[in-house]
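Notes for the one structure printed next.
The values are calculated or read from the model by the stated rules, or taken from the named source; none is laboratory data. No experiment lies behind these values; they were computed from the predicted model shown. With ideal geometry, Cβ positions are generated from the backbone for all residues, glycine too; neighbour counts draw on all protein chains shown.
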Amino acid sequence: MTLAEIGRVMGGITRQRVDQLLHYNRNWARKKLARALTTGRIQRAATCERCEIEADDLEAHHEDYTKPLSVTWLCGSCHNIVHPHHPNRGRDGQAAVPAIN
């Protein structure tokens with residue numbers, strides 16, 4: 001069932017709201033992390049903790065959403081390997097160019 005279908009069943013709520021309800025812990029952890037970064041409580045790493053490549057746009061990976069400040073800093077490629085939620089993204093975070101046969 002898609003988020004839109006769930007929204008219709010639940011009385012016409014939006015896909016965004018359905019996502020918020022289904023993934024409350026994930027969203028809560030992301031907000032806590034964002035706040036900690038903004039206030040300087042923690043700092044973004046300079047290198048990927050998996051491949052050790054230097055990057056300015058490292059992504060935070062949560063192993064456990066109940067521990068919002070316990071993250072692994074990963075480049076886009078390594079984050080995609082850890083849990084593939086963006087299957088067509090390359091190392092630079094851009095969409096991969098499909099191969100021409």
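Some notes on this structure:
- Residue, modelled with the lowest pLDDT, within region 49-101, restricted to residues that are part of a loop (DSSP other than H, G, I, E, B) and of a type in the set (Val, Ile, Thr): VAL97
One line per residue, one yes/no per condition, for (1) under 13 Å from the mean Cα position of the chain (by Cα); (2) under 21 Å from HIS23 (Cα atoms):
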{"site": "THR47", "(1), (2)": "no, no"}
{"site": "ARG50", "(1), (2)": "no, no"}
{"site": "GLU63", "(1), (2)": "yes, yes"}
{"site": "LEU74", "(1), (2)": "yes, no"}
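- Per the listing LEU69, LEU21, LEU74, LEU37, the residue uniquely in the same structural domain as GLY11 (by TED's automatic domain parsing), over 30 Å from GLY11 (Cβ atoms) and not polar (S, T, N, Q) is LEU37.
- Considering only residues in region 14-41 that are exposed (fewer than 13 other Cβ atoms within 10 Å of the Cβ) and assigned to a loop (DSSP other than H, G, I, E, B), the one that is modelled with the lowest pLDDT turns out to be THR14.
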